[in-house]
Structures are given as C-alpha cells and as structure tokens.
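Okay, so here's the structure we're looking at.
The values are calculated or read from the model by the stated rules, or taken from the named source; none is laboratory data. Treat the numbers as computed from the prediction; the structure is a model and nothing was measured. Here the Cβ positions follow ideal geometry from the backbone for every residue, glycine too, while neighbour counts run over all protein chains shown. The area values use the complete protein model at the heavy-atom level, side chains included, leaving out ligands, DNA and RNA. Shrake-Rupley method; radii C 1.70, N 1.55, O 1.52, S 1.80 Å.
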Amino acid sequence: MNTAHPTTHARPVRRRLGLAAAGSLVILGLTAGPAAAHTEVTASDPRALAENVTLSFTAEAESDTAGISELRVVLPKGITPDAVTLKEAPEEWKLTATPDGYTVGGTALPKGTDAEYSITVRQLPDEKSLAFRTLQTYGDGRVDRWIEVPTGGEKADNPAPVLELKAAAPGAGPVAAGAAPTPGTVPSGPPSTAAPAASAAAHTQAADAKGTGGNTAAVLGAAAAVALLAAGAVWWLRRSRSRA
C-alpha cells in the first residue's frame with residue numbers, strides 16, 4: 001500500500017511560491033527605483049485669491065556628504081517677488097528677492113537635516129494650482145533640481161512642489177498692488193517735509209518782497225511830493241519877482 005507524503009510534495013510548491021514572490025519584489029524594486037527626496041508646500045488658506053497666506057515649505061535632505069545651504073524658488077505666475085516676505089526659517093537664513101522669485105539660505109544645515117521655512121504671500125492668484133520650481137543647493141556645491149511639473153497624470157522624476165487651490169471665497173477679488181502691506185514689510189518712512197518747508201519759505205519771501213515793494217512805493221511817493229512842492233515854490237518866487 002502506497003502511503004502519500006503531503007509534506008514532501010508541499011515543500012517544493014512552497015519553495016516555488018517563495019521564489020516567485022521574491023522575484024516579484026525584485027521586479028517591483030527595479031521598476032520603482034529608490035525613493036527620491038523632494039520638496040513640498042502647504043498653505044494656511046489654500047484658496048484662490050486668499051490674502052496674507054502662509055506657505056510652508058519642506059525640502060528633504062538627500063546628500064550624504066553635505067547639508068542644504070540654499071533654496072532658489074521661481075514663483076508661479078500671479079505672485080511677484082515684492083509680494084513675498086519671510087516668516088520663519090532656519091537660524092541666520094535670509095530671504096533675498098530675485099527677478100523671478102527669491103532665494104532663502106545661509107549657513108549650511110547639518111548633514112541629513114531637512115530645510116523647513118515659511119513665507120507670507122500678499123494674495124494668491126486666481127488659479128487651480130501653483131508650481132514653485134526649486135533649486136536645492138548643498139554646502140559642497142551639489143544642486144538638486146525640483147523643477148518638473150507633471151502633466152496628464154504622468155509622474156516626474158524631479159517634481160516641483162505644487163499647491164492645489166480651492167475655489168475663491170464668495171466676493172473675493174484681486175487686491176491692488178501695495179494696497180495693504182504684508183507682515184514684515186518695512187515702512188517707507190514719514191512723509192517728507194521738504195515741500196511744505198519750501199512752500200513756507202516761498203511764502204515768506206513773497207511777503208518780504210511785497211513789504212519791500214510797499215515801502216519803496218511810499219518813499220518814491222514822498223520824494224515826488226517834495227519835488228512838486230519845491231517846483232511850486234520856485235515858480236511862486238519867480239512870479240513874485242516879475243510883478244515887482
């Protein structure tokens with residue numbers, strides 16, 4: 001009588017399944033590739049035309065040899081460099097405006113430390129999404145370029161941070177440039193007093209000139225009267241002599 005040994009037959013089957021699963025993991029690993037670092041952006045009020053919005057950025061550190069020292073951002077259409085102010089950043093980092101955006105940076109962060117900072121934007125544009133193309137520089141000169149904006153559902157190898165916006169609030173509209181200063185804006189200073197001072201000086205000079213002209217006219221009038229009296233006296237004397 002033959003006796004079946006199910007465990008003996010099951011072992012090769014499990015081995016084949018295990019090898020197949022391992023092969024699948026290897027294939028998936030080769031297809032997906034290593035996880036890449038990237039930058040992200042979030043908003044305190046992610047709505048179109050929202051005002052005085054705080055945008056927070058996180059740039060993941062990817063270098064094994066140096067820390068992040070600078071982030072250069074190209075602003076999306078509808079946000080100008082003068083509408084941006086720095087709110088928070090790593091110690092001693094500063095924001096500097098550029099023709100198409102800004103840079104924020106300073107002393108390189110410790111190796112492996114993500115760079116986190118936030119800015120205040122006067123008003124978000126009336127768009128559905130905003131892409132903030134970013135160049136991420138490390139202390140050793142390495143540059144990561146997060147500048148690709150995926151379209152049509154495609155994935156990008158170096159995606160730019162993208163902020164998805166909701167519809168604008170009812171009644172929201174564009175704010176005139178410079179209508180309301182954003183937090184951190186340095187006042188231009190008190191109004192100049194040069195014009196009023198000049199005006200006062202001119203008024204004083206005009207008054208002096210008027211006074212001088214009046215005094216001159218009075219002197220000239222008195223001199224004319226004296227001359228007239230003298231002429232009359234001479235005429236009277238001559239007439240008196242001719243009669244005599």
Among 98, 65, which is exposed (fewer than 15 other Cβ atoms within 10 Å of the Cβ) and touching a residue at least 60 places away in the same chain (Cβ under 8 Å)? 65
Quick check, is residue 34 at pLDDT below 50 and either outside any helix (DSSP H, G or I) or within 18 Å of residue 132 (Cα to Cα) (or both)? yes
Being open to solvent by 60 Å² or more (accessible area, probe 1.4 Å) and closer than 18 Å to residue 73 by Cα is the filter here; which residues of region 122-142 pass it? 133, 142
Report whether or not residue 177 is surrounded by 10 or more Cβ atoms within 10 Å (Cβ to Cβ), assigned to a loop (DSSP other than H, G, I, E, B) and at pLDDT below 95. yes
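Okay, residues lined up against (1) surrounded by 12 or more Cβ atoms within 10 Å (Cβ to Cβ); (2) at pLDDT 50 or above; (3) hydroxyl-bearing (Ser, Thr, Tyr); (4) closer than 30 Å to residue 112 by Cα:
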position: 7; (1), (2), (3), (4): no, no, yes, no
position: 18; (1), (2), (3), (4): no, no, no, no
position: 24; (1), (2), (3), (4): no, no, yes, no
position: 30; (1), (2), (3), (4): no, no, no, yes
position: 41; (1), (2), (3), (4): yes, yes, no, yes
position: 71; (1), (2), (3), (4): yes, yes, no, yes
position: 78; (1), (2), (3), (4): yes, yes, no, no
